[in-house]
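J.: Questions regarding the structure given below will be posed in turn.
The values are calculated or read from the model by the stated rules, or taken from the named source; none is laboratory data. Not measured: the values here are computed from a predicted model. Reconstructed Cβ throughout: ideal geometry from the backbone, glycine too, with neighbour counts over all protein chains shown. Just so you know, the surface numbers come from the protein's heavy atoms only, side chains and all, with ligands and any DNA or RNA stripped out. Shrake-Rupley method; radii C 1.70, N 1.55, O 1.52, S 1.80 Å.
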There are 2 protein chains.
Amino acid sequence: MNKRVRHVALVCGLVLGFLTPIARTAAQQPPPPAGGGRGGGRGPVVSPEVRADGTITFRFSAPNAREVTLIGELDGKTYPMSKNAAGVWEVTVGPWPHDVYNYQFRVDATEGRGGVIAMDPANPSVKLGFGGFPPANLVEVPGKSGLEFDDAKNVPHGTVRIETYHSTSLGVPRTVWIYTPPGYDTNRTRYPAFYLLHGSGNIESSWMLTGRANLIMDNLIAEGRAKPMIIVNPLGYARQGVGLGPEVTQVATAPSASSGDTPFAQDLLKDVIPFVEKNFRTMPGADNRALGGLSMGGGQTIAIGFSHPDTFHSLVVMSAGATGAETTYPDFFAPATNKKIKLLWIGIGKDDFLLSNAKALDASLTAKGVNHIFRLTEGRHEWVVWRHHLHEVAPLLFR
Amino acid sequence: MNKRVRHVALVCGLVLGFLTPIARTAAQQPPPPAGGGRGGGRGPVVSPEVRADGTITFRFSAPNAREVTLIGELDGKTYPMSKNAAGVWEVTVGPWPHDVYNYQFRVDATEGRGGVIAMDPANPSVKLGFGGFPPANLVEVPGKSGLEFDDAKNVPHGTVRIETYHSTSLGVPRTVWIYTPPGYDTNRTRYPAFYLLHGSGNIESSWMLTGRANLIMDNLIAEGRAKPMIIVNPLGYARQGVGLGPEVTQVATAPSASSGDTPFAQDLLKDVIPFVEKNFRTMPGADNRALGGLSMGGGQTIAIGFSHPDTFHSLVVMSAGATGAETTYPDFFAPATNKKIKLLWIGIGKDDFLLSNAKALDASLTAKGVNHIFRLTEGRHEWVVWRHHLHEVAPLLFR
């Protein structure tokens, strides 16, 4: 490859431009006209258009609509859009800092209700969702000074593996997503394992495809800041998969809050962990097992982790909390816990709607003398926060 | 697990019901009320509702809309929907045979144009798309007599691996999805490799997450009908990824039709294949390399495969074709080709809009005496066809 082309290509890799929205192939179709197709009525709609200064223009063709609003995680606000003569609605927002933001378009709502939620047909980047949390589009504002902590840098990369296992607890086949660190296939090393749970509305792929956990870990490991580890993302619902089969609400052992022995917990403890420890080179023992999760997964971490202190010696609770946990898990809120648990990390954004729950958990742990870290970070209840939380907590694990 | 619970759970695994659309967790929330939430205005909208007889009811809440139409691959038709008193639009279709169908809702179009395309917020199962082919929802009609060729049966399962590599041809990091057959991690066997390309509007995950290639191969291998093989799914566009970076239209070697040496072809030949052969236990030589693809990927298979008969000795063209290929690739349309190519399989649905192109390719190969199989199957230009094509052609490979 000659130098000029290489330079152009490398720059292309750095600038996440979203400039060619239609499905073209170099093998079959000509390059787009320069400067064409910017939503002015000629050519396809380009959306989103991300500029170097961090501003973004969103566009959406809906000539028959009477009102379109940009909604999503964004910066916590919604934005009314304006229609041009070609029937394309448009709004420019920002500048925003580097991150990956979710959005959708809400069409013809009445006082914010009853409208239709539409995806951006010009943007192929999608966050998959579950049920009450339908899919949303993703848009990235690139870092101003180059590649960021969650970008694919030119460092050794781990592998993301999708494994199918048959859950004896739930009686259904399920998939689990597993990150193995760089070098896993060629060495004979054993690794600690971090069981990392998604939130309500996410699925087993969310931590990798939306949360970029694999890229965050690749970068931390390359910098020598995190220990190489295996990360395991099971599906957090007691069912076969998204849209597959009804939820399993009964298993042999009756669930109880204090045992954390729900159908999902049984799948995790009796199926997922044995599957991983049989098929992957894990280091043995609770010192080498961490359990963590965001939101609903943080709640599951509290329920399962606090009731199984001999299984996991590291616990990570993101954007979740609990009131009265000391009553539900009295054995955990005792001095003996400090001899077992190596890390109990609770992190939450200062604008998260669950902040009071997290503070309640922090207070009850403090009152009972249970060692823990409470991190009040920037952010609301969204993926922008959880990528940063993983980046912050992974270096603390298995030390 | 007691027998009754196990029985219930197993049945749950077999019947793909879509009956619990909201994001609930057994750990935190109560089971849904029996019979509740069927779109009657109480509780969340349930959609799609798949019945044992193969009929499906789709529902979509849009109280302010004046017209909603069910669109998608479906059975090739569109279906107007009717609004009930609660503002929920509804239509029942079918009965349809077992398969996985795509759909969306089109809202407030004028004579079929200018409307808004919406996803089904009650259905988490999604086909990811690219650019001009935005995401669509998926709905499965289960097989009447149990699990089908593309379901997760209780057989040994292969692994789907997502690998990140740095393309020297394109100057960007990219991901490639790779299926390794059951037993790959524990034996020392070498395997043939099938480079299987997606179509326009698909991405590197499409053959696995939408096409279920991994489950189809698991089942064929368990039945002894297909040779265990590695399947490699690169991204078919010469760019970093979906929504990541502009397309690379220039590489060091100027593309020409007869060499198939486009930027994507260079990435495949100079980056993907060397990456796979370095990092996976592949059998050496062109006899153990197959190239195939659907639609745009079928076109890429013709362009690259016909110009590299010493690299791939098996070629699979699904739902694609070419007129005048004998002029573009004169060396391939010659008797010597029959001494190299072990399998040249061309398959297309009888209702595919590219049927005439496929027939033209069939005719020109026949005229020049190039051995091949031409299979006219049921179906149009859609995933329903390609799952069946893979199921039919995989047993013929590497014999």
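J.: Among the residues of the stretch B:387-397, what is the count of those that are open to solvent by 10 Å² or more (accessible area, probe 1.4 Å) and in contact with a Ser or Thr (Cβ under 9 Å, 6 or more places away or on another chain)?
T.: Here the count works out to 3.
J.: Has the stretch A:171-186 got at least one residue that is of a type outside the set (S, T, N, Q), part of a loop (DSSP other than H, G, I, E, B), buried (at least 19 other Cβ atoms within 10 Å of the Cβ) and facing chain B (nearest Cβ under 9 Å)?
T.: Among the residues of the stretch A:171-186, at least one is of a type outside the set (S, T, N, Q), part of a loop (DSSP other than H, G, I, E, B), buried (at least 19 other Cβ atoms within 10 Å of the Cβ) and facing chain B (nearest Cβ under 9 Å), which makes the answer yes.
J.: In the stretch A:289-378, which helices (runs of 4 or more DSSP H) lie fully inside it and hold 1 or more residues that are in contact with a helix residue (DSSP H, G or I) (Cβ under 7 Å, 6 or more places away or on another chain), crowded, with 23+ Cβ neighbours inside 10 Å and at pLDDT 95 or above?
T.: Passing ranges, in order: A:296-300, A:355-367.
J.: So, in the stretch B:86-102, how many residues would count as being assigned to a strand (DSSP E or B) and either modelled with pLDDT of 95 or more or more than 20 Å from A:L128 (Cα to Cα) (or both)?
T.: 7
J.: State yes or no: is A:R190 more than 8 Å from chain B (Cβ to nearest Cβ) and either at pLDDT 95 or above or in contact with a Leu (Cβ under 7 Å, 6 or more places away or on another chain) (or both)?
T.: Considered against the rule, which asks whether it is more than 8 Å from chain B (Cβ to nearest Cβ) and either at pLDDT 95 or above or in contact with a Leu (Cβ under 7 Å, 6 or more places away or on another chain) (or both), A:R190 comes out as yes.
J.: I need every pair where a residue in the stretch A:134-151 that is open to solvent by less than 30 Å² (accessible area, probe 1.4 Å) has its Cβ under 6 Å from the Cβ of a residue that is basic (K, R), sequence separation at least 6 or different chains.
T.: Close Cβ pairs (under 6 Å, with a partner that is basic (K, R)) amount to A:A136/A:K127; A:L138/A:K127; A:D150/A:R212; A:D150/A:R387.
J.: Separate question: Please verify whether the stretch A:77-85 includes one or more residues that are assigned to a loop (DSSP other than H, G, I, E, B), touching a strand residue (DSSP E or B) at 6+ places or on another chain (Cβ under 7 Å), of a type outside the set (D, E) and on the phi > 0 side of the Ramachandran plot.
T.: There is no residue in the stretch A:77-85 that is assigned to a loop (DSSP other than H, G, I, E, B), touching a strand residue (DSSP E or B) at 6+ places or on another chain (Cβ under 7 Å), of a type outside the set (D, E) and on the phi > 0 side of the Ramachandran plot.
J.: Please find, within the stretch B:117-133, the residue that is surrounded by the fewest Cβ atoms within 10 Å (Cβ to Cβ) out of those that are aliphatic (A, V, I, L, M) and either at pLDDT 85 or above or under 22 Å from the mean Cα position of the chain (by Cα) (or both).
T.: Applying the filter and picking the extreme gives B:I117.
J.: Where the second residue is outside any strand (DSSP E or B) and at pLDDT below 90 and the first is open to solvent by 10 Å² or more (accessible area, probe 1.4 Å) and of a type in the set (D, E, K, R) and lies in the stretch B:82-105, which pairs have Cβ atoms under 7 Å and are six or more apart or on separate chains?
T.: B:E90/B:G39
J.: Test B:V160 against the stated conditions and say whether it is of a type in the set (A, V, I, L, M) and in contact with a His (Cβ under 8 Å, 6 or more places away or on another chain).
T.: no
J.: For the stretch B:152-170, which positions are surrounded by fewer than 22 Cβ atoms within 10 Å (Cβ to Cβ), assigned to a loop (DSSP other than H, G, I, E, B) and touching a residue at least 40 places away in the same chain (Cβ under 8 Å)?
T.: Those that are surrounded by fewer than 22 Cβ atoms within 10 Å (Cβ to Cβ), assigned to a loop (DSSP other than H, G, I, E, B) and touching a residue at least 40 places away in the same chain (Cβ under 8 Å): B:K153, B:V155, B:P156, B:T168.
J.: Being assigned to a loop (DSSP other than H, G, I, E, B) and open to solvent by less than 10 Å² (accessible area, probe 1.4 Å) is the filter here; which residues of the stretch A:257-279 pass it?
T.: The one that is assigned to a loop (DSSP other than H, G, I, E, B) and open to solvent by less than 10 Å² (accessible area, probe 1.4 Å): A:G260.
J.: Also: Looking at the stretch B:243-253, can you tell me whether even one residue there is touching an Asp or Glu at 6+ places or on another chain (Cβ under 8 Å) and at pLDDT 95 or above?
T.: There is no residue in the stretch B:243-253 that is touching an Asp or Glu at 6+ places or on another chain (Cβ under 8 Å) and at pLDDT 95 or above.
J.: Can you tell me which residues in the stretch B:188-234 are on the phi > 0 side of the Ramachandran plot and in contact (Cβ under 8 Å) with a residue 60 or more places away in the chain?
T.: B:G201, B:R212
J.: Follow-up. Is it the case, given these coordinates, that A:S200 is open to solvent by less than 20 Å² (accessible area, probe 1.4 Å), among the polar types (S, T, N, Q) and in a loop (DSSP other than H, G, I, E, B)?
T.: No; evaluated as a whole, the condition is false for this residue.
J.: Specify which of the listed residues (A:G114, A:G158, A:G171, A:G146) is under 19 Å from the mean Cα position of the chain (by Cα) and of a type outside the set (S, T, Y).
T.: When all the criteria are applied, what remains is A:G158.
J.: I'd like the full set of residues that are more than 19 Å from B:T159 (Cβ to Cβ) and within 11 Å of chain B (Cβ to nearest Cβ), limited to the stretch A:193-205.
T.: Once the filter is applied, which keeps residues that are more than 19 Å from B:T159 (Cβ to Cβ) and within 11 Å of chain B (Cβ to nearest Cβ), the stretch A:193-205 yields A:L197, A:H198, A:G199, A:S200, A:G201, A:N202.
J.: Further question on the same structure: Taking the stretch B:144-168, which residues are more than 10 Å from chain A (Cβ to nearest Cβ), touching a strand residue (DSSP E or B) at 6+ places or on another chain (Cβ under 9 Å) and farther than 30 Å from A:L138 by Cβ?
T.: B:E148
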